[in-house]
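Colleague: Dropping the structure in here first, questions after.
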Amino acid sequence: MAAIRILIADDNQVDRKILGRILQKQGNEVIEAVNGEEAVRLFHECKPEIVLLDVMMPVMDGKQAALQIKQVAGEEMVPVIFLTSLTDAYGLADCLESGGDDFLNKPYNPVVLEAKVHSFYRMREMHQTLQRQRDEIAIHNEHLMHEQEAAKAVFDNVAHQGCLSADNIRYLVSPLAVFNGDVLLAARQPSGAMNLLLGDFTGHGLPAAIGAMPLAEIFYGMTAKGFGVRDIIREVNSKLKTILPVGFFCCAVMVEMNFERKSASVWMGGVPDCYLFRKGSGELEVMTSNHLPLGVLGDGKFVDSLQEFNLEIGDRFLLWSDGILEARNPAGDMFGNERLHDVITQAADADRIFHDIKHAVDAFQGRAERDDDITLAEIAMVEPPQVEALARSQIQAAKSGPMDWSFSYELGPQSLGNFNPLPLVMHLLMEVPGLKSMSGQLYTVLAEMFSNAFEHGVLGLDSKLKSTPDGFMEYYQQRQQRIDALDDGFVRIRMNHEGNGLEGRLTVHFEDSGAGFDHVAMLNRRKAELADVGDQQYSGRGIPLMNQICESVEYMGKGNQVRAVIHWPQEQE
Amino acid sequence: MELNDHFDTESLTMLKEVMEEEFGELIDLFVADGEDRLPKMRTALETKDAANLMGMAHSFKGASGNVCAAPLSALNMQVEEGIRGVPETSVDWPRLADLLKQVEDEFSAVKQVISQHL
């Protein structure tokens with residue numbers, strides 16, 4: 001053991017000499033002071049590790065000296081031991097109050113003295129270790145905060161606001177939610193449909209945040225290309241399964257809102273029950289997760305079946321991660337499902353629900369320490385967004401992009417059941433600058449044509465089913481059953497484009513293996529309807545938007561073929 | 001005169017071991033300190049300077065205790081305690097005079113024993 005530097009202060013030189021001698025013989029370095037004042041001065045000069053002080057000394061007594069020494073020492077631990085007689089019981093409390101750590105009785109017992117010195121020296125070393133570690137932790141923590149800020153900046157660039165600010169979305173998410181593992185994303189497809197995903201990764205900090213980056217990138221990238229919930233959720237699952245370590249996964253709920261069709265598709269995996277609030281009836285429908293969280297199953301075992309809903313204007317989904325249920329009040333109780341349910345059912349009207357939930361959770365938590373990991377979102381059914389008006393000026397006059405091309409693309413039964421060809425087709429169309437600026441409309445037209453060819457043509461589903469809520473469910477059940485049983489059939493897509501760079505014409509031709517229908521009769525019926533009630537009513541199962549965009553739409557053959565011609569630039573309304 | 005009438009001989013042996021060649025010097029220092037201190041204590045008694053007398057008795061108690069002169073340390077403690085906590089007007093000066101006389105006599109005896117045995 002290295003020599004311990006010890007300061008002793010005693011006005012009595014006999015005592016001082018004996019004490020100094022004992023300490024030296026025990027291998028310590030001794031500094032002697034004759035009173036408190038000298039002790040304080042020598043403390044400054046020599047930085048001793050332990051101080052032994054006589055209580056009664058002239059000029060400055062031991063208590064005063066202890067006070068000053070402790071003050072100088074600050075955060076450093078310098079043990080101060082008072083030298084007393086067993087009989088000097090008076091004033092012991094004062095000694096402790098002035099900062100003394102212990103007492104040593106006169107006459108000195110060398111064994112006791114050595115034990116005390118060593119035990120205080122160890123305590124001092126421990127204290128120093130603790131402080132060093134505390135400082136290291138503080139530095140690490142600061143470092144971590146910097147890293148998190150940097151990581152958040154990167155994440156914010158990937159997971160920008162999307163369309164979270166849309167009028168039909170309300171949400172609550174902590175600024176640092178990504179480090180609680182919570183993610184909330186929303187974006188519009190080219191068709192105007194809206195995708196929203198609320199995810200909750202396991203764990204906290206960077207491990208929880210790291211999976212959010214690829215998730216956001218896939219979500220935005222695929223949404224922009226027109227993919228819906230099924231394709232995106234499958235892709236995200238596959239990616240997360242590949243990159244996340246075992247035991248890490250992402251509970252998620254994803255909603256795709258189709259405003260044209262007034263319907264929604266929902267995938268839920270591992271999140272607590274969420275609700276669909278029907279504005280008209282005030283009914284609250286419980287939605288339960290029917291899948292494992294994302295990143296658990298490999299692509300082969302992953303199930304992308306969806307819950308389908310038809311909606312009215314003002315109907316809304318209320319979505320959350322488990323943070324809201326686990327919010328605690330000062331007594332430690334959790335907010336829980338029951339309170340949440342009560343708040344929603346007691347809300348004065350649908351538009352107040354979101355606000356009321358926020359308010360109730362706030363009030364419940366009171367001044368309890370906020371976990372800040374509450375993520376909450378509401379998305380409502382509204383009228384479709386206005387098709388973006390197309391300004392002629394936006395169209396590039398240059399003869400850029402491919403003008404004269406055509407292709408034919410045929411999908412067999414296996415492809416039809418597993419694959420959505422529209423993003424790929426859209427990708428080809430977007431190479432034509434004149435078409436790019438009308439991507440939303442184009443997507444709507446193609447989606448409608450493909451869905452007619454596939455669902456009504458190949459699968460033979462009856463669109464009338466979808467007009468009632470029960471039939472709506474039935475429709476999607478039948479759809480899945482028939483896809484599973486599909487072993488022949490095709491959809492053939494042919495496209496042809498011609499143009500001169502200033503204007504162009506796209507011809508889209510769909511043909512399916514279905515039985516077709518009596519299109520001549522339908523046309524006659526429509527003509528009669530038009531004559532009867534005018535243009536307004538002509539929107540049964542039809543697609544007014546198609547007629548608005550297409551120069552012509554015509555059925556051919558036995559009704560299993562349809563041809564649409566789209567001219568660009570479109571005339572402004 | 002016997003050493004063990006005035007010293008705790010067991011502790012004294014230990015002190016000798018600790019101090020080694022400095023033991024003699026320490027004893028000389030103790031004697032000089034006492035010779036210097038006792039006249040001052042007597043002056044304090046005569047001028048009824050209670051605080052000073054108490055301080056010197058306290059210090060003398062510690063030093064004599066440390067050189068193992070237990071009876072001398074005990075007498076000094078009696079002087080100290082005759083003053084500590086006692087209101088100045090109620091100090092029993094005749095008793096302190098008696099105790100100081102005993103301290104002086106014990107110190108003389110200690111010195112004599114030292115010169116004979118140490």
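Bear in mind that the values in this text are calculations on the coordinates, not laboratory data. Just so we're clear, the structure is a prediction, and the values are computed from it rather than from any experiment. We place every Cβ from the backbone using ideal geometry, glycine too, and count neighbours over all the protein chains shown.
Colleague: Just to be sure I follow: if Rg is taken over the C-alpha atoms of segment A:253-354 and Rh is the Kirkwood radius over the same atoms, what is Rg/Rh?
Modeller: Working: Rg = 15.4 Å, Rh = 15.2 Å.
Radius of gyration over Kirkwood radius for segment A:253-354 works out to 1.02.
Colleague: Moving on. In nm, give the distance between the simple-model label positions of A:LEU523 and A:GLU503, each being 7 Å from the Cα along the Cα-to-Cβ direction.
Modeller: Simple spin-label model gives 2.5 nm for this pair.
Colleague: Can you give the net charge of the other residues whose Cβ lies under 15 Å from the Cβ of A:ASP351, counting K and R as +1 and D and E as -1?
Modeller: Values: positive: A:ARG170, A:ARG278, A:LYS279, A:ARG316, A:ARG352, A:LYS358; negative: A:ASP167, A:GLU312, A:ASP315, A:ASP349, A:ASP356, A:GLU378.
Taking every Cβ under 15 Å from that of A:ASP351, the sum is 0.
Colleague: Next up: In square nanometres and to one decimal, what's the mean projected area of the convex hull around the Cα atoms of chain B?
Modeller: 7.0 nm²
Colleague: Report the calculated FRET efficiency for B:GLU104 and A:HIS118 (r = Cβ-Cβ distance, R0 = 25 Å), to the nearest 0.05.
Modeller: E(calc), rounded to 0.05, equals 0.05.
Colleague: Students often forget the sequence filter, so: which lysines lie under 25 Å Cα-Cα from A:LYS558 once same-chain residues fewer than 8 apart are removed?
Modeller: A:LYS464, A:LYS466, A:LYS527
Colleague: What residues qualify as long-range amide H neighbours of A:MET287, i.e. H under 5 Å apart, gap of 5 or more or another chain, H built at 1.01 Å from N?
Modeller: A:CYS274, A:TYR275, A:LEU276
Colleague: Just grab the label-to-label distance for A:GLU29 and A:SER463, each label 7 Å out from Cα along the Cβ direction, in nm (one decimal).
Modeller: Spacing of the two 7 Å Cα→Cβ label points: 9.6 nm.
Colleague: With 28 Å as the limit, write out which pairs from A:LYS63/B:LYS40; A:LYS152/A:LYS241; A:LYS63/B:LYS61; A:LYS63/B:LYS101; A:LYS239/A:LYS262 have Cα-Cα distances beyond it, or answer none.
Modeller: A:LYS63/B:LYS101; A:LYS239/A:LYS262
Colleague: May I pose another question? Let's test the formula: R0 of 60 Å, r as the Cβ-Cβ distance of A:SER415 and A:VAL286. What FRET efficiency results, to the nearest 0.05?
Modeller: 0.95
Colleague: Follow-up. Would you please put A:324-337, A:11-24, A:556-569 in order of how densely packed they are, using the mean number of other Cβ atoms within 10 angstrom per residue and starting with the highest?
Modeller: A:11-24, A:556-569, A:324-337
Colleague: Rounded to the nearest 0.05, what FRET efficiency do B:LYS16 and B:ASN52 have when you use their Cβ-Cβ distance and R0 = 25 Å? Don't jump to the answer; show the numbers that get you there.
Modeller: Numbers: r = 33 Å, r/R0 = 1.33.
Taking R0 as 25 Å, the efficiency between B:LYS16 and B:ASN52 is 0.15.
Colleague: Per residue and in cubic angstrom, what volume does the convex hull of the Cα atoms of chain A have?
Modeller: Cα-based convex hull of chain A, divided per residue, equals 237 Å³.
Colleague: Additional query: Return the percentage of antiparallel bridges among DSSP beta bridges fully within the protein assembly as shown, rounded to the nearest 5 %.
Modeller: Close to 80 percent.
Colleague: Take A:ILE483 and A:ALA73, extend 7 Å from each Cα along the Cα→Cβ direction, and tell me the distance between the two endpoints in nm.
Modeller: Each label point is offset 7 Å from its Cα along the Cβ direction, giving 7.5 nm.
Colleague: Can you sort B:THR43, A:THR507 so the residue with the fewest Cβ neighbours within 10 Å comes first?
Modeller: With the sparsest Cβ surroundings first, the list reads B:THR43, A:THR507.
Colleague: Which of the aspartates and glutamates could a cross-linker bridge to A:LYS436, judged by Cα under 14 Å and excluding same-chain residues fewer than eight apart?
Modeller: Result set, ordered by chain and number: A:GLU388, A:GLU503.
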